[in-house]
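Notes to accompany the following structure.
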Amino acid sequence: MNATPESGIKPVLEIASQEPGLGFDPDEVLRRGQRAVLRRRVLGAGAGLAVVLAVVAGAAQFGGEPRALPPSSDGSSPVVSRPPTSAEATLTLGDATYIVRYTVTGGAEDRLEYGQAGVDGAAGSSVSSDGEGMTFGGAGDGNVVLGVVPADTRSVSAFLAPGKDQAEMVQAELPGTKYRAFAIVIHGSGTIEDLRSIDWEDGTGRAHTTAPSDFRTAVFTVPSTDDAIQVWADADSKAWGARMPGTTTTAPEPFGGEPMLMYVGREDATGAAGSTWWVTYGLLPAGATDVQLRLTDGSTVVGEVYHQQLEAIEATAFAAELDTPGDGQQGGVVAEVTWVNPDGTRGSFRSTGWP
């Protein structure tokens, strides 16, 4: 085989080798084809191409259980490529049924396909094969989310923009994989665009969120547990609060430019060590920096005071984990919040009842 047909064949082989179930080495195929051509004294480029494509066609025939192949005439053992395995989950919400199909490729990334049963246009994406994190995509008429979470996930929930109808969720196993499938249907007038985040608790109880830290959301990681919570705000209503998996708190009043302070806590029902924490969070004027807390006797801040600008309501969000001997929610352990304004002056806010 001379250089001219080989240079034309190799790109085709490289593309074909990426197809699921093939998994051959293009260079090895060319080497064997060249050997066969020389052995048979076939000098025509067309004959050489026929030999190479015959090898590829043999690889493409492997389906179901691999079958034994006879040794090649030159004594070398043929390479058998096992087809990928797959699992499928069926999820039913209301009158609709959804399918999530997971295909194991054997590489760093597996394949995910999802859609509504009986409806054309299934979507697909890659998913990490290590069984960590969440992968999801839209389906239906713009009000359905389908995806996967780690197999040991305790709960999955959706957080919608304030004022939108609630969402319904269902999960199903994907046998033989490191994931489980889920479906979320948003009711009423809401769509995927109103989905602020998808939140879930893993097998250890740790909280995760898909919410980004952006102009309307400040994502804070609790230092002692690595739980993720978000301080959220709504640009239209000026409503704000905190969000954890399955739980949304809303401040009693919308933000009007004045400092505001709240508390949120989490206690794992299992009573596991380190599963309980208290966090104080709130809003300060836009552009605030160097946020500090003065606490009552015996209480301390775990880690640092986190702060981020929320341009959606022209405010600065802050949050901090508290180590307190009492009940952080009822005791009101934050006596004062101070910060530096954009003009360099220092601002201050004292909680009710503290000098």
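The values are calculated or read from the model by the stated rules, or taken from the named source; none is laboratory data. None of the values given here were measured: they were computed from a predicted structure. Because the Cβ atoms are built from the backbone with ideal geometry, glycine has one as well, and the counts that use them run over all protein chains shown.
Tabulated data
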read-out	value
Listing of strands (runs of 3 or more DSSP E) fully contained in segment 47-166 that carry 2 or more residues being of a type in the set (Gly, Ala, Ser) and either modelled with pLDDT of 90 or more or within 21 Å of Ile198 (Cβ to Cβ) (or both)	85-93, 123-128, 135-139, 155-160
Index of the failed condition, Ala317 passing every other in (1) at pLDDT below 95; (2) closer than 28 Å to Trp200 by Cα	(1)
Single residue of segment 225-250 satisfying the filter (outside any strand (DSSP E or B) and modelled with pLDDT under 90) that is surrounded by the most Cβ atoms within 10 Å (Cβ to Cβ)	Pro245
Among residues of segment 178-217, those that are among the aromatic types (Phe, Trp, Tyr), part of a strand (DSSP E or B) and more than 14 Å from the chain's Cα centre (by Cα), counted	0
Single residue of segment 334-351 satisfying the filter (touching a residue at least 24 places away in the same chain (Cβ under 8 Å), in a strand (DSSP E or B) and small (Gly, Ala, Ser)) that is surrounded by the most Cβ atoms within 10 Å (Cβ to Cβ)	Ala335
Criterion: surrounded by 16 or more Cβ atoms within 10 Å (Cβ to Cβ), at pLDDT 90 or above and either basic (Lys, Arg) or assigned to a loop (DSSP other than H, G, I, E, B) (or both) - qualifying residue of Phe220, Phe255	Phe255
Matching residues in segment 108-147 - criterion: being buried (at least 17 other Cβ atoms within 10 Å of the Cβ) and of a type in the set (A, V, I, L, M, F, W, C)	Leu112, Val127, Met134, Phe136, Ala139, Val144, Val145, Leu146
Whichever residue in segment 273-321 is of a type in the set (D, E, K, R) and part of a strand (DSSP E or B) and, among such residues, is farthest from Asp343 (Cα to Cα)	Glu321
